[in-house]
Amino acid sequence: MPAKGMFARRTNWNLEANRLSEALTAHRAAGKTLIDLTLSNPTECGFEYDEKAILGALQNRQALKYEPNPRGLAVARRAVAQYYAERNAGISLDDVFLTTSTSEAYSYVFRTLCDPNDELLIPEPSYPLFEFLADIQDVRLIRYPLVYDYGWQIDFHALEQAITPRTRGLIVVHPNNPTGHFVKPEEMRKLNEICAAREIAIIADEVFLDFVLNEKHTSTFAANSGALTFTLSGLSKICGLPQMKTAWLIVGGPQPCKSQALARLEVIADTYLSMNAPIQWALPSLLSQRHIFHQQVLARVRSNLRELDKQLSAQKSCSRLEVEGGWNAVIRVPATRSDEELALELLAARGVYVHPGHFYDFPSAGYLVVSLIALQNEFLNGLKQLFLFF
Ligand SMILES: Cc1ncc(COP(=O)(O)O)c(C=O)c1O
């Protein structure tokens with residue numbers, strides 16, 4: 001066993017498998033039937049992709065040349081700017097940085113804004129990857145609560161209380177994962193006001209922005225000018241192509257903060273130059289195929305939500321929270337035990353795998369999260385087993 005002192009404290013994680021993933025591995029190893037209601041890898045959900053167009057786009061001869069550019073090739077950034085132009089947001093090519101994932105984009109932003117132990121505000125509940133991203137970049141996460149009252153909203157009082165002199169950024173996930181709610185225009189206005197006054201940057205994760213069930217709430221932060229803003233998105237969700245490892249970061253906001261941010265980011269991006277040429281040349285073509293993917297996802301999400309509502313209406317113990325967009329639904333269940341215990345019991349007794357709410361930092365027991373892009377038949381059968389349990 002090597003001495004603990006050989007390693008950085010930041011990597012001193014508890015690396016033991018949690019009880020649920022251990023149980024899942026054992027369940028699979030025993031060859032037992034499994035209905036996975038967490039399936040969210042779009043390439044495994046039975047969607048149709050234009051294979052010829054995708055693979056063809058990766059064969060551009062221009063990719064034989066090496067043209068290093070910290071922001072990424074102009075041809076690819078132009079395609080990103082066009083994506084926002086179609087949402088009526090004017091983006092300059094100089095404000096776009098291409099990255100290999102939104103996670104990488106987060107790390108560039110954290111490094112640009114934060115010294116060790118500086119703080120970033122994150123919504124609660126939200127997406128679990130933030131913990132690791134923050135540990136790796138030596139920043140501290142402070143949670144601000146979202147409250148559910150006929151729909152999710154930001155608790156602005158608690159958010160303002162969470163700000164300290166070390167707060168450097170405020171993360172919004174728009175729409176949030178797993179709650180599926182968007183930041184409303186009035187909330188955007190308040191966030192700008194708070195962040196501009198306290199010199200805090202907004203970091204907006206918009207990977208699910210295109211997946212909206214109600215046409216009202218789709219404005220992007222990419223053209224936000226009220227406070228220094230970093231907007232993140234990428235092909236993982238927009239095109240259902242996580243394997244292509246392509247994302248971006250848009251810088252916006254008032255001068256001179258914006259120019260400072262661009263200049264600093266340029267050094268970080270130039271140090272890594274992490275984008276490869278074939279994917280950058282392919283980006284215009286890949287992005288143009290998103291509409292076919294969106295249609296299929298939205299049809300799946302709507303159909304699964306209808307099925308969920310149908311099964312919910314036939315029982316009395318559970319209900320679901322409102323969904324405005326995204327790929328998940330949150331089911332409210334009797335809080336008779338911890339969500340982890342419940343997920344373990346559902347797996348053992350019914351062969352159904354769901355995510356417990358605590359995985360996403362729900363503040364109390366009584367929430368399960370299911371994927372709305374799961375295959376329809378699996379979804380229907382999985383829900384049947386789930387509701388039979390209660
Ligand atoms: C809110 C959110 N942001 C970012 C990501 C990851 O995106 P990427 O594959 O570009 O790192 C996910 C993945 O599930 C996500 O849910």
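Assorted remarks:
- Output for segment 213-245, where each listed residue is part of a strand (DSSP E or B) and within 15 Å of the ligand (Cβ to nearest atom): Phe230, Thr231, Leu232, Ser233, Gly234
- Taking the criterion of being closer than 20 Å to Thr100 by Cβ, among the hydrophobic types (A, V, I, L, M, F, W, C) and either in contact with a His (Cβ under 6 Å, 6 or more places away or on another chain) or open to solvent by 10 Å² or more (accessible area, probe 1.4 Å) (or both), the residues of segment 198-218 that qualify are Ala204, Val207, Phe208.
- Within segment 102-131, the residues that satisfy the criterion of being more than 25 Å from Glu266 (Cβ to Cβ), open to solvent by 40 Å² or more (accessible area, probe 1.4 Å) and either in contact with a Gly (Cβ under 7 Å, 6 or more places away or on another chain) or more than 12 Å from the ligand (Cβ to nearest atom) (or both) are Asn117, Glu124, Glu131.
- Checklist (1) in contact (Cβ under 8 Å) with a residue 40 or more places away in the chain; (2) under 17 Å from Glu199 (Cα atoms); (3) surrounded by 17 or more Cβ atoms within 10 Å (Cβ to Cβ) applied to Leu159, failing item: (1)
- For segment 319-343, a tally of residues being small (Gly, Ala, Ser), touching a residue at least 40 places away in the same chain (Cβ under 8 Å) and either surrounded by fewer than 22 Cβ atoms within 10 Å (Cβ to Cβ) or in contact with a strand residue (DSSP E or B) (Cβ under 6 Å, 6 or more places away or on another chain) (or both) returns 3.
- Matching residues, segment 366-383, being over 15 Å from Arg320 (Cα atoms) and surrounded by fewer than 23 Cβ atoms within 10 Å (Cβ to Cβ): Leu375, Gln376, Asn377, Glu378, Leu380, Asn381
- Arg10 vs. criteria at pLDDT 95 or above, of a type in the set (Lys, Arg) and surrounded by fewer than 16 Cβ atoms within 10 Å (Cβ to Cβ): no
Listed here are the residues, each with its yes/no results for (1) touching a helix residue (DSSP H, G or I) at 6+ places or on another chain (Cβ under 6 Å); (2) among the small types (Gly, Ala, Ser).
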| site | (1), (2) |
| --- | --- |
| Phe97 | yes, no |
| Thr102 | no, no |
| Ala105 | no, yes |
| Tyr108 | yes, no |
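- Residue in segment 350-357 that is assigned to a helix (DSSP H, G or I) and within 21 Å of the chain's Cα centre (by Cα) present: yes
- Taken as a whole, the structure places Glu193 among residues that are away from the ligand (no atom under 16 Å from the Cβ) and modelled with pLDDT of 95 or more.
- Residues of segment 299-318 classified as of a type in the set (A, V, I, L, M, F, W, C) and open to solvent by 30 Å² or more (accessible area, probe 1.4 Å), total: 2
- Number of the condition not met by Thr99 [criteria: (1) away from the ligand (no atom under 15 Å from the Cβ); (2) modelled with pLDDT of 95 or more; (3) surrounded by 14 or more Cβ atoms within 10 Å (Cβ to Cβ)]: (1)
- Test: Ala63 is closer than 26 Å to Ala222 by Cβ and open to solvent by less than 30 Å² (accessible area, probe 1.4 Å): no
- Which listed residue is closer than 28 Å to Gln296 by Cβ and open to solvent by 20 Å² or more (accessible area, probe 1.4 Å), from Tyr360, Tyr353: Tyr353
- Some residue of segment 148-166 being closer than 25 Å to His294 by Cβ, touching a Leu at 6+ places or on another chain (Cβ under 9 Å) and assigned to a loop (DSSP other than H, G, I, E, B): yes
The values are calculated or read from the model by the stated rules, or taken from the named source; none is laboratory data. Fair warning: this is a prediction, and the values are worked out from it, not measured in the lab. Counting neighbours? That spans all protein chains shown, and the Cβs are built from the backbone with ideal geometry, glycine included. Note: accessible area is taken over every heavy atom of the protein model, side chains too, but ligands, DNA and RNA are not part of it. Shrake-Rupley method; radii C 1.70, N 1.55, O 1.52, S 1.80 Å.
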